[in-house]
Amino acid sequence: MNKTPSKTKDLGAEHATNAPELTEHSYDGIQEYDNPLPGWWKSLFWASILFAPIYYFYIHSGAEGRSIHDQYDTHMATVFELRFSQIGELEGDRDTLLKYMKGEKEWLAVGKVVYQTNCVSCHGSDGGGLVGPNLTDDYWKHVRNVEDIVQVIEEGAANGSMPAWKNRMSHKNQIVLTAAYVASLRENPVAGKSPEGKEIAPWDQ
Ligand code: HEC
């Protein structure tokens, strides 16, 4: 039953010269050409296997600055530094907050980005509250004046149920502009979580 490699010669003169060798084995009379994958393919195969653990241990080892998230934060910090050079160091006082709350939308948008990235999981994307309170109504637990918002964001509240953001933001301006954005949410009250805390006066009174 075993057909010999010489059988390839029967395929004609043209094939006989180009046809690959047959392998030694034969199953039920079926034979296989010895047709190995090209060297470049095999090198890529082994290279990708070798690369995988190196990549995994480098990126996912937990070392600071290497993960995609850390790289994103570093880039965002650079972007913020560049943009903030236009407005200098903001103070979290009443005048500054009211100015940016009502002022150029471009700067409020920075606060909005920070809010959308860090706060929506607990306060909802419209500010109506989920785990954390509704930030669009007139009832507040820790805030009486607009500048108290900066304080709550920096220090947190309720033993960390509201996390402290002081050390998580690369620039104080991020906190001030986020506070201005949070203050602006009261302009569009949404029927989210029911009111908590005390009713307070409008920010500019
Ligand atoms: C892990 C959930 C969580 C995240 C994330 C979170 N908060 Fe909160 N936040 C809370 C909780 C809970 C409270 C209410 C604390 C309490 O009951 O005393 C709160 C309270 C507040 C208050 C005071 C509200 C009031 O009624 O006085 C402000 C302002 C606030 N958060 C802003 C923010 C901002 C801005 C961010 C994002 C930078 C943020 N929070 C992220 C959970 C969160």
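Identify all residues within region 25-38 that are touching a strand residue (DSSP E or B) at 6+ places or on another chain (Cβ under 9 Å) and either part of a strand (DSSP E or B) or modelled with pLDDT of 90 or more (or both); write none if there are none.
HIS25, SER26, GLN31, GLU32, TYR33, listed by residue number.
What residue, of SER125, SER184, is free of Cβ contacts under 8 Å to residues at least 40 places away in the same chain and over 20 Å from ASP73 (Cα atoms)?
SER125
Given the conditions (1) more than 26 Å from TYR72 (Cβ to Cβ); (2) open to solvent by 80 Å² or more (accessible area, probe 1.4 Å); (3) not acidic (Asp, Glu), report the number of the one that LEU82 does not fulfil.
Failing condition for LEU82: (1).
How many residues does region 101-116 contain that are open to solvent by less than 20 Å² (accessible area, probe 1.4 Å) and within 19 Å of MET76 (Cβ to Cβ)?
The number of residues fulfilling the criteria is 6.
Which helices (runs of 4 or more DSSP H) sit wholly inside region 102-205 and have at least 3 residues that are at pLDDT 95 or above and more than 9 Å from the ligand (Cβ to nearest atom)?
Fully inside region 102-205 and qualifying: 146-155, 172-184.
If you go through region 31-43 one residue at a time, do you hit one that is in contact with a Ser or Thr (Cβ under 6 Å, 6 or more places away or on another chain) and over 30 Å from VAL150 (Cβ atoms)?
For region 31-43, residues in contact with a Ser or Thr (Cβ under 6 Å, 6 or more places away or on another chain) and over 30 Å from VAL150 (Cβ atoms): present.
Only one of these is farther than 18 Å from LYS102 by Cα, of a type outside the set (Asp, Glu), under 29 Å from the mean Cα position of the chain (by Cα) and open to solvent by 70 Å² or more (accessible area, probe 1.4 Å): LYS198, LYS193, LYS166, LYS141. Name it.
The conditions single out LYS166.
How many residues are charged (D, E, K, R) and not in a loop (DSSP other than H, G, I, E, B) if we restrict to region 39-68?
Looking only at that region, the number is 1.
Report yes if some residue within region 47-63 is over 21 Å from HIS171 (Cβ atoms), open to solvent by 70 Å² or more (accessible area, probe 1.4 Å) and in contact with a helix residue (DSSP H, G or I) (Cβ under 9 Å, 6 or more places away or on another chain); otherwise report no.
Checked region 47-63: no residue is over 21 Å from HIS171 (Cβ atoms), open to solvent by 70 Å² or more (accessible area, probe 1.4 Å) and in contact with a helix residue (DSSP H, G or I) (Cβ under 9 Å, 6 or more places away or on another chain).
The values are calculated or read from the model by the stated rules, or taken from the named source; none is laboratory data. Nothing here was measured: the structure is a model prediction, and the numbers come from that model. In this analysis, Cβ positions are derived from the backbone assuming ideal geometry, glycine residues included, and neighbour counts consider all displayed protein chains. Quick note on the areas: whole protein, heavy atoms, side chains included, nothing else; ligands and nucleic acids left out. Shrake-Rupley method; radii C 1.70, N 1.55, O 1.52, S 1.80 Å.
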